[in-house]
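Here's the structure, in structure tokens; my notes come after.
Nothing in this text is a laboratory measurement; each read-out follows from the coordinates by a stated rule. Everything numeric here is computed off the predicted structure, so don't read it as measured data. Here the Cβ is made from the backbone with ideal geometry for all residues, glycine too, and neighbour counts use every protein chain on show.
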Amino acid sequence: MTTRLSICCLVAAAVFTWVPAVLFAQERPEVKHHAQLDLEVWLKRLPYETFETVNYGDEIRRRVPSGQIISSPNDLCCVEGIRRRVRQKHDLGRPVPVDLFVWREAPPQQPYLTKLGGTPHRAADKPWPTSPEGVPYTFVAQFCFLDSTDITPKTPGDVLLVFFRDAKSHWNMTPGDVVIEWSSSTLKNPLKRGDMPTPAFVVPELSGVLVRYEEYPGSGTLFHELGHGQPWLLEATQATKIGSETHFIQGRPEWNEEPKPQLLCTLSALHLRYRYDPDNRWPLVDRESLSKEEISQSVTSDWGRYRMMLADSGCMYFFINSQGEIEVFGDCY
């Protein structure tokens, strides 16, 4: 399933300059705003060998680890462990830098940082987005670009806010299903939680922990030849991220316009498994396990406390064009 929706998101009085993002990996600047994951520490906690075995009742079997949709540190360590093993003997090609996010329950250090759910970082006196029938939209996510300016075009604001009309807005997106806003990181009178409408459906409330990461487009055939399942998730990850490269589930969208819109960020499905799943140690940065009861809490179809399916494990891709407009494209399996 694929859908596309163009949304004009120009900020009044903003001066927008079209600046292409960095194409290939280089020395990245220090992360100054988001909490940052120390990947080396996590790879010691969840080494490659963690993903080589699986329990079948009383029997332990060996397996070749596969690519994963990345929601958790566990998923990330599996993908990175495979990449490092392969990279020891093979060339993966030129890396493309991205800023990938895994999640934690602790609130963000600042209200403008990347997160799911909760209170959007927007001015208190700004009208809340509503449908033509007057029904308030539900806030779903926000992206903060302050730590990613070296890999993105110049944006009209520091923070991108995403609102859904209803719980099915990702399905067959039509005009009005999704509302996008830009906001500044510095607000004189930010919105307070008690002053926002009650969400129409349960949205996970998690804050993003940033990972300086790289993608290797075109390397999928190599991973496949070496026996790794889901190799398409190893060359370019499916994850919530900022940057110009990702795994497009149904293929990269095409445009006739020049210059072509550039991928700015990706919102990926969140589906955390419970503690009895052998592949689910560390579903969150600050939680080593979740109980089955926690996973099922507040679940209504595609949404829950730890669930954001975006149709069938889908993604939303946010492209920015040369006029500073955001074009939203959604797909799923």
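Can you put 242, 69 in order of Cβ neighbours within 10 angstrom, beginning with the fewest? Write out the running numbers ahead of the final one.
Details: 242 27, 69 21.
In order of increasing Cβ crowding within 10 Å: 69, 242.
For segment 130-146 and segment 206-222, what is the separation of their C-alpha centers, rounded to whole Å?
Rounded to whole Å, the Cα centres lie 27 Å apart.
Name the residue, out of 42, 182, 103, whose mean-square fluctuation peaks in a Gaussian network model built on the chain with Cα pairs under 10 Å.
42
Would you kindly derive the ³J(HN,Hα) couplings of segment 108-124 from the backbone phi angles with the Karplus curve 6.51 cos²θ - 1.76 cosθ + 1.60 (θ = phi - 60°), listing them in order in whole Hz, with x for Gly and Pro?
x, 5, 9, x, 8, 7, 4, 6, 10, x, x, 9, x, 8, 8, 5, 5
Looking at the chain, identify the longest residue range that excludes and avoids all trypsin sites (Lys or Arg not before Pro) in DSSP loops having at most 12 other Cβ atoms within 10 Å.
Numbers: sites that count: 32, 63, 89, 188, 192.
That would be 193-333.
Using only Cα atoms, what is the ratio of the radius of gyration of the chain to 2.2 N^0.38 Å? Can you show the working numbers first?
Values: Rg = 19.5 Å, N = 333, 2.2 N^0.38 = 20.0 Å.
Here the Cα radius of gyration is 0.98 times the empirical estimate.
May I ask you to sort 295, 70 by Cβ crowding, counting other Cβ atoms within 10 Å and putting the fewest first?
By the 10 Å Cβ count, ascending, the order reads 295, 70.
Show me, for segment 141-156, the HN-Hα J-couplings you get by feeding each phi into the Karplus relation (A = 6.51, B = -1.76, C = 1.60, θ = phi - 60°), rounded to Hz, glycine and proline as x.
Here the 3J(HN,Hα) series is 7, 9, 10, 10, 9, 5, 8, 10, 5, 7, 10, 10, x, 5, 10, x Hz.
Sum -39500 (n - 2.57) across every DSSP H segment of at least 4 residues in the chain, then divide by the residue count to get the 222 nm mean residue ellipticity, nearest 500. List each step's numbers first, then the result.
Working: 5 runs with 37 residues, N = 333.
Result for the chain: -3000 deg cm²/dmol, rounded to the nearest 500.
Using the crude model of +1 on Lys and Arg Cβ and -1 on Asp and Glu Cβ, and no other charge, please compute the dipole size for the chain relative to its Cα centre, in debye to 20.
Working: 35 positive and 42 negative charges, 93 e Å.
Value, rounded to 20: 440 debye.
If you build a Gaussian network model of the chain, linking Cα atoms that sit under 10 Å apart, which residue out of 142, 323, 238 swings the most?
Most flexible of the set in this elastic network: 323.
Quick one: which of 168/241; 126/260; 154/192; 188/292; 192/260 span more than 30 angstrom between C-alpha atoms?
On the way: 168/241 22 Å; 126/260 32 Å; 154/192 28 Å; 188/292 42 Å; 192/260 38 Å.
Over 30 Å Cα-Cα: 126/260; 188/292; 192/260.
What residues have an amide H closer than 5 Å to that of residue 215, excluding those fewer than 5 places away on the same chain, when H is modeled at 1.01 Å from N in the peptide plane?
Residues meeting the amide H criterion: 96, 98.
If each residue's Cβ is checked for other Cβ atoms within 10 Å, how do 75, 147 rank with the fewest at the top?
Numbers: 75 25, 147 21.
With the sparsest Cβ surroundings first, the list reads 147, 75.
By how many degrees, between 0 and 90 and to the nearest 10, does the Cα long axis of helix 73-87 differ from the longest principal axis of the chain?
It works out to around 60 degrees.
Could you work out the relative contact order of segment 48-179? I mean the mean sequence separation of Cα pairs under 8 Å and 6+ apart, divided by the number of residues, in percent.
Working: 136 pairs, mean separation 20.3, N = 132.
The normalised contact order for segment 48-179 reaches 15 percent.
Under the definition of Cα pairs under 8 Å and six or more residues apart, what whole-number percent is the relative contact order of the chain?
26 percent.
Over segment 198-298, what number does the Rg to Rh ratio reach, with both radii from the alpha-carbon atoms and Rh per Kirkwood? Before the final figure, lay out each step's value.
Numbers: Rg = 17.1 Å, Rh = 16.6 Å.
Expressed as Rg/Rh, it is 1.03.
What is the set of long-range amide H partners of residue 122 at a cut-off below 5 Å, with H atoms built 1.01 Å from backbone N?
Hits under the 5 Å cutoff: 191.
Once each part is reduced to its C-alpha centroid, what is the distance from segment 161-192 to segment 68-99 in angstrom?
Answer, in whole Å: 31.
Under a 10 Å cutoff between Cα atoms, tell me which one of 313, 289, 301 has the largest fluctuation in the Gaussian network model of the chain.
The residue with the greatest mean-square fluctuation here is 301.
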